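Note sheet for the following structure.
The values are calculated or read from the model by the stated rules, or taken from the named source; none is laboratory data. Note that the structure is a prediction, hence the values are computed from the model and not measured. Neighbour counts run over all protein chains shown; Cβ positions are idealised from the backbone, glycine included.
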Amino acid sequence: MSTMSDSPLQTETLRHCVYAAEVDEIAESLQTNLSRGLRGEQVEIRLKQHGPNTLQTTAETHWYEVVVRQFTDILILILVVAAIISVAVGEVTDAITIFAIVVLNGALGFAQEWKAERALEALRDMLSPRCKVIRDSTEQEIDAVTLVPGDLVRLETGDDVPADLRLAQCVNLKMDESALTGESVSVAKASVPVGENSPLAQRHSMVWMGTAVTSGRAIGIVVATGEQTEFGRIATLTESIGRETTPLQRKLAVLGKQLGFAAVVIAIMVSVAGWAMGKPLLEMFLTGVSLAVAVVPEGLPAVVTLTMALGIRAMVRRKALLRRLRAAEGLGAATVVCTDKTGTLTQNQMTVRTIWLSGGSIDVTGVGYDPAGHFEVAGEKIDYHQRSDLLKLLETSLHCNHARLDRDGNGWQERGEPTESALVVAAYKAWLEPERHPHAVQEHSFDSSRKRMTIVEHDKDGWVAHIKGAPEVILSRCTQVLDDDRVHELTETRRQEAEAAYNEMANGGLRTLAIARRELPRNSSLEADTVEENLTLLGIVGMMDPPRAEVPDAIGLAQSAGIRVVMITGDSPATALAIAHSVGLPSTNAITGQELNEMDDDTLSVTLNNDVVFARTTPEHKLRIVEILQSDGHIVGMTGDGVNDAPALKKADIGIAMGLRGTDVAKGAADIVLTDDNFSSIVGAIEEGRRQYDNIQKFVRYLLSSNTGEVVAIFVNIIIGGPLILLPVQILWMNLVTDGMTAVALGLEPAEKTVMQRPPRKPTEPVLNWSGIGVILGLGAYIGLATLWLFHHYLGHDDPETVMLAETVAFTGIVLIEKANVLNFRSLDSPLLSVGIFTNPWVIIAIGVTVGLQVCAVYVPFLQTALHTTPLRLSDWGMILAMAAPVFVVTEFAKWFRQRTSVEKVSQK
Ligand code: ATP
């Protein structure tokens, strides 16, 4: 309670010898309790003293950086020069207008980018590391940022270490310290002190922030947090989100540069040519600047960033957290998704249904994690007290187990792995409970390569090893079997009986697990290979893990989108096939990991074209499958949760980690983290990725066709010798103030109905294909020529009033034609009438606002002065609308016609 007891900690002096001191000593000096942890109030005080447990990352973006970015564009510099020249020649109004528009554009760009930055930051917060601590005698999961010295942290296989810890207890702990030491071989750790002069790599009583647990479990005391950690001292962690650019962004940046270059060349050429033809130099200079402004779609980068950031939010709603921006694009192009089974296709809600014992099978009743249920043989309830073989199996299942069951207001809750929880529930049904504080002598953890787990404990006369694992793996290590109350040799007949039993369970879609035991003399070797042999088989457990209800539809959707789904599971072939059939995954046969090992790459590549599932695989198989699929030109999404899945997740084009079940290591290696572990979220994210890509294409085409229109108008006008048509300030107004808004609105377009009915996009496909370029040129030509026609139609005699009216009509005309043109890009292929006019209200709002602004530009006096306009009459508006309508109507008709002919072609076939 008292702050006295929490006087400032001597962590600085501590840090140098924590690895050499006894654990009790450290606990005492850090005023923590080794079983109860810190108290809430201690944590609060220490958090104030030591600050949050974070490293200064370079990821944070300051608002002023975003502001500066808005004004460091070559085009902006050209405009500034233009403004200065305007002042020099006495056109002060023009200069002010240019400056005003540049500032307004900067403000809009800033608003968009800042919003994007916020979205990325929110995502970073969602991905911030968590860890398990013991505080106030209870174990809780907390944000690792709030860790303080003295906290007790629990570590398990796959966890990232959240701070520097002095180990207090550990079982078979092995660490990957490559992030710190560069050494890729796992390092074994122990809680005993090491010599004071040991170098960092040999301080085995410590684990360091930024490293990860490759196997085993431990409890450690936090001795340094944040910048005080070894990692904090030698490196700064950089979180890559938001810093990297995606391939699409890079392609667009190249396109932008090319257009910028073209702009300068065209501008110089035209103005020099015009001047040579005898036009005034100032007019030609202004035309050159207009052209340069017209060619470059200034709003594009900001709109792309904003669309992607908003897309990230949409993905979060679909339960997919992006760790890297490029994943959204990759998802849109995915051709194969490799998924594991347990928890992704199934619910990961295990219930033991049947137990095979040498003396016969026993059924278990009850649902979920509620321990209400009993044991039955042939539909008759049995008295489990009479079945010592059953009790022994249940006891071993409890000992070789880390799960717990708790009861709260919502009923029974499992804590730990579902497979293990199911065993605890089964044991509860015989009124057996896990020991609160078991004392393991040794533990060999489960991982998907070993497919088994062993805990060695003290027994009356010596030690006893409790083992569970995949039946094939365990059976091959058994030499004896428990029969009623006696141990017999495991004869070939018995072995076959056991095999038949688990095959039958697996064929029924049950997940199978063999349970075995071995008695060991005290002080015998505790190496995994020595302990896990000559086992006595106790029995085989079959548990049900029902498929997720939404998965069949998601698989159907993936298929209609031309995406293959391949199941790669650690479970048995029969269970894999049974589950594949129940979720509607086409599968004719199951290939086991062993068969995979025997296949060469070519055969595997051919096999992968068939409807197969992969069973009893290890993470290395996943990696190989990704590599083969990629070499066949596929874009591969791969799911994973374990430590060993990291290489496959990294190698895949889109690594997908499980948010609930996954280890920190898997999440760290992935591009996307699924917050609900659900397969259908992957398909949802793919749909979202496709929508985003479509929308980016839509507004890129829209902006480029508008800009082409402006260039055509100015260029052709010069060729035919007309007076200056669009003034630089007017073009600026169009491109910067009004176009950006409509482009952002296009970025919010909902997914088209056909988005998941077409094959994946080719990753090599350019942002602009030939048909895209054709559309841009076609529409651009219309926009330009229609504007030019309006201009010349109004240019009567050379009196200033008529020229001003012609200029205003041309200026307003091109704005309105461009707005009508927006409607063409709401869908690239389908007519707007079939998409629905009101399905994207943002476009309607953007058009409304833009037209409103244009009306102001024409009628509000100060804007008239700034933009060189004069009021229009109703008949002028009528004329403009008559020129604007065809750009939409004709395109709409063309789309309708094309859609009809393609439907006819299909029906003729
Ligand atoms: P997926 O790869 O689709 O997630 P999975 O969970 O069945 O499937 P693994 O986790 O590799 O794959 O498990 C493989 C096998 O190992 C299981 O079928 C089961 O027999 C056994 N097993 C699973 N969990 C444990 C555990 N905690 N202890 C011992 N054996 C286990």
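Of all the numbered requirements in (1) in a helix (DSSP H, G or I); (2) in contact with a Pro (Cβ under 7 Å, 6 or more places away or on another chain); (3) within 21 Å of residue 745 (Cα to Cα), residue 839 misses one, and that requirement is (1).
What about residue 632, is it under 30 Å from residue 415 (Cα atoms) and assigned by TED's automatic domain parsing to the domain that holds residue 553?
On the way: under 30 Å from residue 415 (Cα atoms): no; assigned by TED's automatic domain parsing to the domain that holds residue 553: yes.
In short, no.
Residues in region 376-398 that are farther than 18 Å from residue 483 by Cα and either buried (at least 18 other Cβ atoms within 10 Å of the Cβ) or aromatic (Phe, Trp, Tyr) (or both): 398 only. Within region 77-91, residues that are under 25 Å from residue 260 (Cβ atoms) reach partners that are aromatic (Phe, Trp, Tyr) and buried (at least 18 other Cβ atoms within 10 Å of the Cβ) with beta carbons closer than 7 Å, at six or more positions or on different chains, in the pairs 85/285.
For region 735-791, the set of residues classified as assigned to a helix (DSSP H, G or I) and under 26 Å from the mean Cα position of the chain (by Cα) consists of 743, 744, 745, 746, 747, 753, 754, 755, 756, listed by residue number.
Against the list (1) surrounded by fewer than 19 Cβ atoms within 10 Å (Cβ to Cβ); (2) in contact with a helix residue (DSSP H, G or I) (Cβ under 8 Å, 6 or more places away or on another chain); (3) of a type in the set (Phe, Trp, Tyr), the condition residue 356 fails is (1).
Considering region 1-118, the qualifying helices (runs of 4 or more DSSP H), each wholly inside and each with 3 or more residues that are outside the structural domain of residue 745 (by TED's automatic domain parsing) and at pLDDT 75 or above, run over 23-29, 40-50, 63-70, 74-88.
Out of 590, 580, 558, which single residue is of a type in the set (Gly, Ala, Ser), within 16 Å of the ligand (Cβ to nearest atom) and part of a helix (DSSP H, G or I)?
Values: 590 fails: part of a helix (DSSP H, G or I); 558 fails: within 16 Å of the ligand (Cβ to nearest atom).
Only one candidate qualifies: 580.
Residue-wise test of (1) of a type outside the set (Gly, Ala, Ser); (2) closer than 13 Å to residue 886 by Cα; (3) touching a strand residue (DSSP E or B) at 6+ places or on another chain (Cβ under 8 Å).
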site	(1), (2), (3)
806	no, no, no
809	yes, no, no
818	yes, yes, no
825	yes, no, no
831	yes, no, no
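Return a yes/no flag: does region 328-336 have any residue that is more than 24 Å from residue 539 (Cα to Cα), buried (at least 20 other Cβ atoms within 10 Å of the Cβ), within 16 Å of the ligand (Cβ to nearest atom) and of a type in the set (Gly, Ala, Ser). No, region 328-336 contains no residue that is more than 24 Å from residue 539 (Cα to Cα), buried (at least 20 other Cβ atoms within 10 Å of the Cβ), within 16 Å of the ligand (Cβ to nearest atom) and of a type in the set (Gly, Ala, Ser). Total residues in region 647-664 satisfying the condition of being away from the ligand (no atom under 15 Å from the Cβ) and under 19 Å from residue 211 (Cβ atoms): the figure is 3.
Just a yes or no: is a residue in region 567-588 charged (D, E, K, R) and surrounded by fewer than 24 Cβ atoms within 10 Å (Cβ to Cβ)? Step through it out loud before you land on a result.
First pass over region 567-588, keeping only residues charged (D, E, K, R): 571.
Cutting the leftovers down to surrounded by fewer than 24 Cβ atoms within 10 Å (Cβ to Cβ) gives us none.
No: zero hits.
Being in contact (Cβ under 8 Å) with a residue 60 or more places away in the chain and either closer than 12 Å to residue 336 by Cα or part of a strand (DSSP E or B) (or both) is a property that does not hold for residue 570. Among (1) within 15 Å of the ligand (Cβ to nearest atom); (2) in the same structural domain as residue 634 (by TED's automatic domain parsing), where does residue 553 come up short? Residue 553 satisfies every listed condition except (1).
Filter region 737-768 down to the residues that are surrounded by 22 or more Cβ atoms within 10 Å (Cβ to Cβ) and either modelled with pLDDT under 80 or basic (Lys, Arg) (or both) and list them by number. Scanning region 737-768 gives 738, 739, 740.
Part of a helix (DSSP H, G or I), within 16 Å of the ligand (Cβ to nearest atom) and free of Cβ contacts under 8 Å to residues at least 60 places away in the same chain: is that true of residue 499 in this structure? I'd like the intermediate steps shown before the answer.
Details: part of a helix (DSSP H, G or I): yes; within 16 Å of the ligand (Cβ to nearest atom): yes; free of Cβ contacts under 8 Å to residues at least 60 places away in the same chain: yes.
So residue 499 fits the description; yes.
Residue 830 fulfils the conditions (1) farther than 18 Å from residue 738 by Cα; (2) of a type in the set (Gly, Ala, Ser); (3) buried (at least 19 other Cβ atoms within 10 Å of the Cβ) except for a single criterion, (3). Pick from region 593-620 the residues that are touching a residue at least 12 places away in the same chain (Cβ under 8 Å) and in a loop (DSSP other than H, G, I, E, B): which of them is farthest from the ligand (Cβ to nearest atom)? Step by step, filter region 593-620, then rank; the result is 610. Within region 285-311, the set of residues being within 22 Å of residue 784 (Cα to Cα) and surrounded by fewer than 21 Cβ atoms within 10 Å (Cβ to Cβ) comprises just one member, 285. Candidates in region 338-375 are the residues that are of a type in the set (D, E, K, R) and in a strand (DSSP E or B); of these, the one that is farthest from residue 565 (Cα to Cα) is 363. Within region 261-274, residues that are under 17 Å from residue 724 (Cβ atoms) have Cβ atoms under 7 Å from residues that are in a helix (DSSP H, G or I) and among the hydroxyl-bearing types (Ser, Thr, Tyr) in these pairs: 270/287; 271/287; 274/287, counting only partners at least 6 apart in sequence or on another chain. Taking the listed residues 802, 839, 812, the one that is surrounded by 19 or more Cβ atoms within 10 Å (Cβ to Cβ), assigned by TED's automatic domain parsing to the domain that holds residue 753 and among the polar types (S, T, N, Q) is 812, with no other qualifying.
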